[in-house]
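This report refers to the structure that appears directly beneath it.
Computed from the coordinates by the stated procedures, all read-outs in this text should not be read as laboratory data. Keep in mind the model is a prediction, meaning the values are calculated, not measured. Virtual Cβ from ideal backbone geometry, glycine too; neighbours counted across all protein chains shown.
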Amino acid sequence: MNLDPAAVKEGDELPVLHLQPDLGQVIRYCALQWAFPAFFYDAEAAKAQGMPGTLVPGPLKVGLIYRAVDEWLGDAGWVCQVRAAHRRPDLTNRPIDVVGRVARVYDENGSRRADLELAIINEQGEPSVRGFAVVEFARPV
Amino acid sequence: MPEASLLTDEVRALVGLETPMGRVQVTPKAFRRALEVYTGRIPRTAPAAGEPVPGYVLAALDSESDTPAMPSLLPNSLLISNEWQFERPLRMGEELESVYSVVAITERFGGRFGYSIDFRAEVTFKDADGNPVARSGRTMTQYSAAEARDEGDA
């Protein structure tokens with residue numbers, strides 16, 4: 001379904017993005033960044049540092065929030081900003097939901113924009129990330 | 001908690017310093033790899049030169065160079081936030097200059113981590129005219145685990 005920018009209003013909820021980042025995704029992320037802290041892929045190394053298991057990297061999670069916004073937006077605009085404030089670690093192979101709502105719709109420099117409040121919710125129902133995004137409703141040029 | 005602030009003049013002088021990190025390019029390989037990491041999809045094609053690409057690609061550009069290490073002022077550190085900002089969508093094929101800078105260093109007294117110091121740094125990607133196109137920022141906090149307490153949601 002295509003998003004109609006004219007119909008977007010404060011309080012609209014984004015579709016929930018159900019995810020379960022696994023070790024493979026984390027390793028691909030490490031390869032993309034060419035950074036390999038052992039606690040991201042080695043459960044014993046993670047436990048040695050006091051973690052219950054391998055973790056989903058924080059910078060990967062800002063991209064998952066970006067994805068939720070980008071998939072909601074489709075061709076109706078582009079993402080200007082996305083921010084993730086990390087509250088709790090997320091373990092690999094555990095379900096998470098990316099949720100969001102439209103906080104504000106406004107015009108800026110002749111463009112229609114929206115601020116979005118987002119969160120990643122873990123399987124205990126707790127926010128592991130508080131997120132924020134700004135989108136512009138215009139086809140990118 | 002230390003007797004005096006650990007934010008010495010030498011540490012404060014890091015704020016605003018720019019370190020050139022070299023030139024990066026938005027390539028089909030960067031596009032494919034970033035898309036696979038973040039969406040699990042393996043795209044069969046890449047956007048044509050000059051076409052917009054998803055912001056995920058910033059993560060591939062961000063890894064092209066090693067950023068300078070922050071001074072280690074306290075024994076433990078933790079990533080507390082990440083941010084991507086775009087002045088416009090990235091475009092396939094474009095070359096950008098990347099510049100690392102420390103945006104802010106602040107200290108906090110009390111709270112979940114006890115005495116802690118936040119380092120906010122970013123890599124700015126600039127076009128050929130020197131105009132910022134995108135920024136990738138992160139904030140790390142340094143603290144002493146011995147003084148921290150678990151308060152759940154920070």
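What ³J(HN,Hα) values, in whole Hz, does the Karplus curve 6.51 cos²θ - 1.76 cosθ + 1.60 give for segment B:139-144 when θ = phi - 60°, with x put for Gly and Pro?
Values, residue by residue: 10, 10, 10, 9, 7, 10 Hz.
Work from the charge dipole of the protein assembly as shown (Cβ charges, +1 for Lys and Arg, -1 for Asp and Glu, about the Cα centre) and give the residue of A:Pro57, B:Phe31, B:Pro20 farthest towards its positive end.
The residue sitting most towards the positive pole is B:Phe31.
Take the alpha carbon atoms of segment B:15-74, find their center, do the same for segment A:85-115, and report the distance between the two centers in whole angstrom.
21 Å
Step through the residues of segment B:122-129 one at a time and calculate ³J(HN,Hα) from phi using the Karplus curve (6.51 cos²θ - 1.76 cosθ + 1.60, θ = phi - 60°), rounding each to whole Hz and writing x for Gly and Pro.
8, 10, 9, 9, 10, 7, 4, 8
For chain A, what is the convex hull (Cα atoms) projected area averaged across all directions, in square nanometres?
Working: hull surface 37.3 nm².
Result: 9.3 nm².
Please report B:Glu87, A:Glu136 as a ranked list, fewest other C-beta atoms within 10 angstrom at the top and most at the bottom.
Values: B:Glu87 14, A:Glu136 23.
Least crowded to most crowded, the residues run B:Glu87, A:Glu136.
Over the whole of A:73-84, what's the average partner chain Cβ count within 10 Å per residue? Rounded to a whole number, please.
Per residue, the average neighbour count from other chains is 4.
Please report, in whole Å, how far the alpha carbons of the protein assembly as shown spread along each principal axis, starting with the longest.
That works out to 56, 46, 37 Å along the principal axes.
What's the angle, to the nearest 10 degrees (0 to 90), between helix A:58-73's Cα axis and the longest principal axis of chain A?
30 degrees
If contacts are Cα pairs under 8 angstrom and at least 6 residues apart, what is the relative contact order of chain A in percent?
29 percent
Let me check against my output: what whole-number percent is the relative contact order of chain B, with C-alpha pairs under 8 Å and at least 6 apart?
RCO, chain B: 27 percent.
Apply the Debye scattering formula to segment B:1-50, with a single equal point scatterer on each alpha-carbon and no solvent, then give log10 I(q)/I(0) at q = 0.22, 0.30 Å⁻¹.
-0.86, -1.10
For B:Arg23 and B:Met140, what does the FRET efficiency come to when R0 = 25 Å and r is the distance between their Cβ atoms, rounded to the nearest 0.05?
Approximately 0.45, to the nearest 0.05.
Only counting other Cβ atoms within 10 Å, I'd like B:Leu6, A:Leu116, A:Leu14 sorted with the fewest neighbours first.
Listed from fewest to most nearby Cβ atoms, that is B:Leu6, A:Leu14, A:Leu116.
Expressed in nm to one decimal, what extension gain is obtained for the pair B:Arg41 and B:Arg112 from 0.36 nm per residue of sequence separation less their Cα-Cα distance?
Result: 21.7 nm gained on full extension.
By counting other Cβ atoms within 10 Å of each Cβ, how are A:Ile120, B:Ile42 ranked from fewest to most?
Details: A:Ile120 28, B:Ile42 9.
Fewest-to-most ranking of A:Ile120, B:Ile42: B:Ile42, A:Ile120.
Please work out how much length the chain gains when fully extended from A:His18 to A:Arg101, using 0.36 nm per residue of separation minus the C-alpha to C-alpha distance, in nm with one decimal.
Fully extending the segment from A:His18 to A:Arg101 adds 28.3 nm.
Suppose every K and R has +1 on its Cβ and every D and E has -1 on its Cβ; what is the size of the dipole of chain A about the Cα centre, in Debye to the nearest 20?
320 debye
Please list the non-local residues whose amide H lies under 5 Å from the amide H of A:Asp12, H modeled 1.01 Å from N, same-chain partners needing a gap of 5 or more.
Here A:Val102 satisfy the definition.
May I ask for the net charge around A:Ala103, where only other residues with Cβ less than 9 Å from the Cβ of A:Ala103 are counted and Lys, Arg are +1 while Asp, Glu are -1?
With Lys, Arg at +1 and Asp, Glu at -1, the neighbours total -1.
Charges only on Cβ, +1 for Lys and Arg, -1 for Asp and Glu: so what's the dipole of segment B:17-154 about the Cα centre, in debye to the nearest 20?
On the way: 15 positive and 20 negative charges, 92 e Å.
Computed about the Cα centre, the dipole is about 440 debye.
Measure nothing but the geometry: give the 0 to 90° angle between the long axis through the Cα atoms of A:23-33 and the longest principal axis through the Cα atoms of chain A, rounded to 10°.
Here the helix axis deviates by roughly 70 degrees.
Give, rounded to the nearest 20 debye, the magnitude of the charge dipole that segment B:58-123 has about its Cα centre when Lys and Arg contribute +1 at Cβ and Asp and Glu contribute -1 at Cβ.
420 debye
Using only the alpha carbons of segment B:35-154, determine the length spanned along each of the three principal axes and report them from longest to shortest in whole angstroms.
Extents along the principal axes: 53, 34, 22 Å.
Mind checking which of B:Thr67, A:Ala48, A:Leu32 is farthest towards the positive end of the protein assembly as shown's charge dipole, using Cβ charges of +1 (Lys, Arg) and -1 (Asp, Glu) about the Cα centre?
Of the options given, the answer is A:Leu32.
Once the Cα atoms of helix B:28-39 and of chain B are each reduced to a long axis, what angle between those two axes, in degrees from 0 to 90 to the nearest 10, is obtained?
Compared with the principal axis, the helix lies near 60 degrees.
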